[in-house]
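The values are calculated or read from the model by the stated rules, or taken from the named source; none is laboratory data. Remember, predicted model here, so these are calculated numbers, not experimental data. Cβ placement follows ideal geometry from the backbone for every residue including glycine, while neighbour counts extend to all protein chains displayed.
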Amino acid sequence: MSSLANLAPIPELYVSHESAQKMKVEAANLTSWDLSPRQICDLELLMNGGFFPLKGFLGQEDYDSVVDTMRLKDGTLWPMPITLDVTEAFAETIEEGQDIALRDQEGVILATMTVTDKWSPDKAREAEQVYGADDQAHPAVYALHNQMGKVYLGGPVTGIQQPVHYDFRGRRDTPNELRAYFRKLGWRRVVAFQTRNPLHRAHQELTFRAAKEAQANLLIHPVVGMTKPGDVDHFTRVRCYEAVLDKYPGSTTHMSLLNLAMRMAGPREAVWHGIIRRNHGCTHMIVGRDHAGPGKNSAGEDFYGPYDAQELFRQHQDEIGLEMVPFKHMVYVQERAQYEPADEIEDHDSVTILNISGTELRRRLQEGLEIPEWFSFPEVVKELRRTRPPRSQQGFTVFFTGFSGSGKSTIANALMVKLMEMGGRPVTLLDGDIVRKNLSSELGFSKEHRDLNIRRIGYVASEITKNGGIAICAPIAPYAATRRAVREEIEQYGAFCEIHVATSIEECERRDRKGLYKLAREGKIKEFTGISDPYDEPQNPELRLETEHTDVDNCAHQVVLKLEQMGLIAGQ
Ligand code: PPS
């Protein structure tokens, strides 16, 4: 393998500016597909040469071959199936040979595609072969089964325009822009650092050493498309990277953002990352321990061995056309006040080695504890704290569920007043009746309408939580699956505290505050929860309230104690 980069331009799939204008008008008449965020990322890298030599979304034979052998049908190494998944309903409207328009989420036409193949993939096989197991604990396998369409379309793509990015525009480069930049600066050996996490001192030290060892310039190449669910958002990360960039010698290091949708496919992903970096003009890439690892499987074990990615990369290095620089595990040696590769420390027994794991870092951020300067740069810690304030300053949702007349609204009101007395965060009460008046006035009580009602409450609560407020919801919310979906939506932004107001149906009927149970028994109200409609009792709520022998104030107080225990409100 030549270790000097060939920086000639790489083929792109775009048509010329004039043709693009013409095509845009013509494509407006085509059947069009609205791309998902993941598909937009894939399309951008297809069009700009990041996925060279692909010329479009994979057809069926290439797909089968990639899934089974990591190669296109012509034998070229390509580890990741890049497919255009669509719904069955859309697929039915498409004939093979037809051109379709591919639009972004605002309806802008980015490309056209000639559909050469249409098929229903065996997703379990794809999961087994590409991700190593058909286990939905793997985020890409989960997406494959639950978010992606049942039918794949394949065919060549003609690029009309790049997806528009309004953020960090100056930091985004196509493969050809990076190649031109390296050419201009005379960089012929460039080591890429792929990352989806904020950089701390250990990373800075490791990347700096990797560049020195490879006698190469350094490209910090963070992924800003889609990473692992739960990661620090890319806005925060890029601000952190910018802070770290000042610590490198300016003339040797460059940072560029990569709009890649990661799959967390470990070994295969490492090979894919290598090909993408080669296409961006790099000659080397740092591959770490557990590169692009998805975390634990449903049995609590790692999906891949820690060095599987390095192993697979090494086997295919020549074909990738880029050399691997194995990641060194860097640790801080207190006595020498510096980072050193763990395997190069000979005097283990006489020095103090310090390390803070990712989990420990998250805990310290969450609880507002100190993060030492030897671990990270103050500018990085400041950015992380701005985005992830301690739990007691983050937004959260308290979600009451229980029968009509169980006491949900009364306890929720008492809780609201107690939280407002404490102050600090805005509190919003989304009571069942209030929501039905203001948000869901057209809805009835069929399963479909109840689900829609709860999803709307969940959406509003997630926005409140995201923006640092407290949302208190108090609907019946009878269906466990819908409550779980709301929990998942909210937990992206803050804590979700489910409270089962466990008043029995007999007691609710005995109280019959609104006289509705009587009407339900007489059949004058249909589909009444607990009488003629089901209620799935919560299996693992954060708190279950027994209201029959406890007064309202005490119930609300139990919730306050729970919130305190969860770290959501500071102790009084
Ligand atoms: S749901 O199932 O979560 O969408 O229900 P929710 O929005 O909380 O609305 C429940 C209130 O509507 C009144 N009501 C009924 N409840 C249950 N079943 C039927 N068929 C029904 N028809 C009207 C009832 O007063 C509920 O108020 P709460 O505050 O729960 O007593």
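If you take the residues of the stretch 331-383 that are among the hydrophobic types (A, V, I, L, M, F, W, C) and part of a helix (DSSP H, G or I), which of them is nearest to Gly567 (Cα to Cα)?
Our first condition is that a residue be among the hydrophobic types (A, V, I, L, M, F, W, C); within the stretch 331-383, this holds for 331, 333, 337, 342, 345, 351, 353-354, 356, 361, 365, 369, 371, 374-375, 377, 380-381.
Filter once more, so that each one left must be part of a helix (DSSP H, G or I): 342, 361, 365, 380-381.
Details: Ala342: 35, Leu361: 16, Leu365: 12, Val380: 24, Val381: 21 Å.
Here the residue is Leu365.
For the stretch 347-359, does any single residue satisfy the condition of being touching a Leu at 6+ places or on another chain (Cβ under 8 Å) and surrounded by 15 or more Cβ atoms within 10 Å (Cβ to Cβ)?
Here is the first cut: in the stretch 347-359, the ones touching a Leu at 6+ places or on another chain (Cβ under 8 Å) are none.
No, that holds for no residue.
Which of the residues belonging to the stretch 12-27 are part of a loop (DSSP other than H, G, I, E, B) and surrounded by fewer than 12 Cβ atoms within 10 Å (Cβ to Cβ)?
Applying the first criterion (part of a loop (DSSP other than H, G, I, E, B)) to the stretch 12-27 yields 12-13, 15-16.
Scanning the stretch 12-27 gives a single hit, Ser16.
Does Ile472 satisfy the condition of being of a type in the set (A, V, I, L, M), within 12 Å of the ligand (Cβ to nearest atom), under 30 Å from Arg386 (Cβ atoms) and touching a strand residue (DSSP E or B) at 6+ places or on another chain (Cβ under 8 Å)?
On the way: of a type in the set (A, V, I, L, M): yes; within 12 Å of the ligand (Cβ to nearest atom): no; under 30 Å from Arg386 (Cβ atoms): yes; touching a strand residue (DSSP E or B) at 6+ places or on another chain (Cβ under 8 Å): yes.
Against the criterion (of a type in the set (A, V, I, L, M), within 12 Å of the ligand (Cβ to nearest atom), under 30 Å from Arg386 (Cβ atoms) and touching a strand residue (DSSP E or B) at 6+ places or on another chain (Cβ under 8 Å)), Ile472 does not qualify.
Quick check on my filter: what residues within the stretch 524-544 are among the polar types (S, T, N, Q) and more than 10 Å from the ligand (Cβ to nearest atom)? If you could, list the steps in order and put the result at the bottom.
So the first thing to find is which residues in the stretch 524-544 are among the polar types (S, T, N, Q), and the list is 529, 532, 539-540.
Listed by number, the residues that qualify are Gln539, Asn540.
Quick one: which residue in Ala502, Ala477 is within 29 Å of Gln394 (Cβ to Cβ) and surrounded by fewer than 21 Cβ atoms within 10 Å (Cβ to Cβ)? It would help to see each step written out before you state the result.
Working: Ala477 fails: surrounded by fewer than 21 Cβ atoms within 10 Å (Cβ to Cβ).
The conditions single out Ala502.
Does the stretch 395-408 include one or more residues that are in a helix (DSSP H, G or I) and closer than 22 Å to Arg484 by Cβ?
Going through the stretch 395-408, the residues in a helix (DSSP H, G or I) turn out to be 408.
Narrowing the set further to residues that are closer than 22 Å to Arg484 by Cβ leaves 408.
Yes, the stretch 395-408 has at least one match.
If you take the residues in the stretch 417-457 that are of a type in the set (D, E, K, R) and assigned to a loop (DSSP other than H, G, I, E, B), which one is farthest from the ligand (Cβ to nearest atom)? Lay out the reasoning, then the answer.
Of all residues in the stretch 417-457, those of a type in the set (D, E, K, R) come to 418, 421, 425, 431, 433, 436-437, 442, 447-448, 450-451, 455-456.
From the residues that got through so far, the ones that are assigned to a loop (DSSP other than H, G, I, E, B) too are 425, 442.
Working: Arg425: 24, Glu442: 13 Å.
So the residue we want is Arg425.
Looking at (1) within 20 Å of Glu421 (Cβ to Cβ); (2) surrounded by 12 or more Cβ atoms within 10 Å (Cβ to Cβ), which one does Asp553 not meet, given that it meets all the others?
Checking Asp553 against (1) within 20 Å of Glu421 (Cβ to Cβ); (2) surrounded by 12 or more Cβ atoms within 10 Å (Cβ to Cβ), the one that fails is (2).
What number of residues in the stretch 277-300 are in contact with a Phe, Trp or Tyr (Cβ under 7 Å, 6 or more places away or on another chain) and under 20 Å from Leu4 (Cα atoms)?
Final tally of qualifying residues: 4.
Among the residues of the stretch 460-482, count how many are modelled with pLDDT under 95 and either assigned to a strand (DSSP E or B) or not assigned by TED's automatic domain parsing to the domain that holds Leu419 (or both).
So the answer is 0.
Only one of these is farther than 30 Å from Val271 by Cα, surrounded by 12 or more Cβ atoms within 10 Å (Cβ to Cβ) and touching a helix residue (DSSP H, G or I) at 6+ places or on another chain (Cβ under 6 Å): Gln338, Gln366. Name it.
On the way: Gln338 fails: touching a helix residue (DSSP H, G or I) at 6+ places or on another chain (Cβ under 6 Å).
Exactly one of Gln338, Gln366 is farther than 30 Å from Val271 by Cα, surrounded by 12 or more Cβ atoms within 10 Å (Cβ to Cβ) and touching a helix residue (DSSP H, G or I) at 6+ places or on another chain (Cβ under 6 Å), namely Gln366.
From the list Arg511, Arg521, Arg484, which residue is within 15 Å of the ligand (Cβ to nearest atom) and closer than 30 Å to Glu367 by Cα? Give the derivation first.
Details: Arg511 fails: closer than 30 Å to Glu367 by Cα; Arg521 fails: closer than 30 Å to Glu367 by Cα.
Sole residue among the options that is within 15 Å of the ligand (Cβ to nearest atom) and closer than 30 Å to Glu367 by Cα: Arg484.
Give me a count of the residues in the stretch 376-416 that are crowded, with 24+ Cβ neighbours inside 10 Å, more than 10 Å from the ligand (Cβ to nearest atom) and charged (D, E, K, R).
Matching residues across the stretch 376-416 total 0.
Can you tell me which of (1) touching a Ser or Thr at 6+ places or on another chain (Cβ under 7 Å); (2) away from the ligand (no atom under 13 Å from the Cβ); (3) free of Cβ contacts under 8 Å to residues at least 60 places away in the same chain; (4) closer than 23 Å to Ile434 by Cα is the one Phe496 doesn't meet?
All conditions pass for Phe496, except number (3).
List the pairs whose first member sits in the stretch 376-403 and is among the polar types (S, T, N, Q), whose second member is within 16 Å of the ligand (Cβ to nearest atom) and assigned to a strand (DSSP E or B), and whose Cβ atoms are under 8 Å apart, counting only residues at least 6 apart or on separate chains?
Partner pairs satisfying both residue conditions: Thr397/Ala471; Thr397/Ile472; Thr397/Cys473; Thr401/Glu498; Thr401/Ile499; Thr401/His500; Thr401/Val501.
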